[in-house]
1. Which of ASP46, ASP228, ASP118 ends up with the largest GNM mean-square fluctuation for the chain, with Cα atoms connected below 10 Å?
2. Tell me which of ILE144, TYR239, SER68 sits at the most positive position along the dipole axis of the chain, charges placed on C-beta atoms (Lys, Arg +1; Asp, Glu -1).
3. Can you list the HN-Hα couplings for segment 30-35, worked out from phi with the Karplus curve (6.51, -1.76, 1.60; θ = phi - 60°), rounded to whole Hz and with x for Gly and Pro?
4. Mind giving me the FRET efficiency for LYS113 and ILE52? R0 is 35 Å, r the Cβ-Cβ distance, nearest 0.05 is fine.
5. With a cut-off of at most 12 other beta carbons within 10 Å, and DSSP calling the residue loop, which trypsin sites (Lys or Arg not before Pro) in segment 40-133 qualify? Please list them.
6. Taking the Cα centroid of segment 164-181 and of segment 83-109, what is the distance between the two, rounded to the nearest whole Å?
7. What is the sum of charges, Lys and Arg at +1 and Asp and Glu at -1, for the other residues whose Cβ falls under 9 Å from the Cβ of VAL140?
8. Which percent, nearest 5, of DSSP beta bridges in segment 1-133 are antiparallel?
Amino acid sequence: MIKVSIIGSGNVASHLINAFENSIEIELVQVFSRNIKVLEGIVSSDKITDNISSLKDADLYIISVSDSAIAKVSQQLLFSGRLVVHTAGSLSADVLDGKNRSGIFYPLQTFSKNRVVDFAAIPICIEAVNPEDHRTLEMVAKAISNSVFTIGANQRKALHVAAVFVNNFTNHLYGIAAGICENNDVPFNILKPLIRETAEKVMAISPKEAQTGPALRGDEIILQSHLDFLTDQNTNNIYKILTQSIQHDAKL
Ligand SMILES: NC(=O)c1ccc[n+]([C@@H]2O[C@H](COP(=O)([O-])OP(=O)(O)OC[C@H]3O[C@@H](n4cnc5c(N)ncnc54)[C@H](OP(=O)(O)O)[C@@H]3O)[C@@H](O)[C@H]2O)c1
């Protein structure tokens, strides 16, 4: 069994804890959190610690804390020469303190604590300098996921940027749509079959092939009537810039 400890208790850490606890190939040694209360009921109490200097021996330490705290937390580790990785999409392994061997264990999914995820279907992007460390990361990743990729720093950043478009920006647009519905007394639920079909369509055809709507058709009368309808300046600007982008893309 590969011994793994997790540092952090947020969205990603809590899902990793669950995935490792359910794997017969991984022994979850310990979980560190500043606030151990949040780990109660998620992991057995003998594995929880709020003392970073009491971390036991493990084959792998996964730091899954806020991006801005990763460097500092890695410096707080008292041991050296062990394998320590982080789970961030856009940070290099170099942010980790050089006294330990470093790497990346980036699960490409959106995680929220109260949402169940199927880790087996989540792509995990791994990176390590040392081939032996790479093998360890690969074994750990394959113990919980059927989708494991070796991805370098630049490509990982590209994936993270792409992920912001498909997830954060799309979700923000859902929020704008929900606001428009609310302001006009129509239920957002009516849009849900459209949301589902939009996502399902790109599983089968390319986003470019899937595009429809007034921007693509160049229907200036409808476009202007939508802009007149959108009195909120911010929403109006977003509508304009996305319309321009769709029309620009259509010419390529
Ligand atoms: N959420 C996602 O969808 C997602 C997906 C892929 C990768 N990631 C990456 O995974 C990492 C964790 O993200 P998350 O969404 O799980 O974050 P999160 O839910 O906001 O949790 C952040 C964790 O960091 C801890 N923390 C913050 N500052 C700390 C410090 N100075 N010392 C010790 N612990 C500290 C917090 O502890 P307290 O509770 O004590 O504040 C908390 O456990 C990030 O690198 C993120 O980029 C996130």
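None of the figures in this text is laboratory data; all of them are computed from the coordinates on show. Not measured: the values here are computed from a predicted model. So basically every Cβ, Gly included, is an ideal-geometry build from the backbone, and we count neighbours across all protein chains shown.
1. With Cα springs under 10 Å in the chain, the top fluctuation among ASP46, ASP228, ASP118 is at ASP228.
2. Of the options given, the answer is SER68.
3. Each residue of segment 30-35 in turn: 7, 10, 9, 8, 5, 10 Hz.
4. Working: r = 22 Å, r/R0 = 0.63.
Efficiency at R0 = 35 Å is approximately 0.95.
5. In loop regions of segment 40-133 (DSSP not H, G, I, E or B), the sparsely surrounded trypsin sites (Lys or Arg not before Pro) are LYS56, ARG115.
6. That distance is 30 Å.
7. Details: positive: LYS142; negative: GLU25, ASP59, GLU138.
Here the charged neighbours net out to -2.
8. Of those bridges, close to 20 percent are antiparallel.
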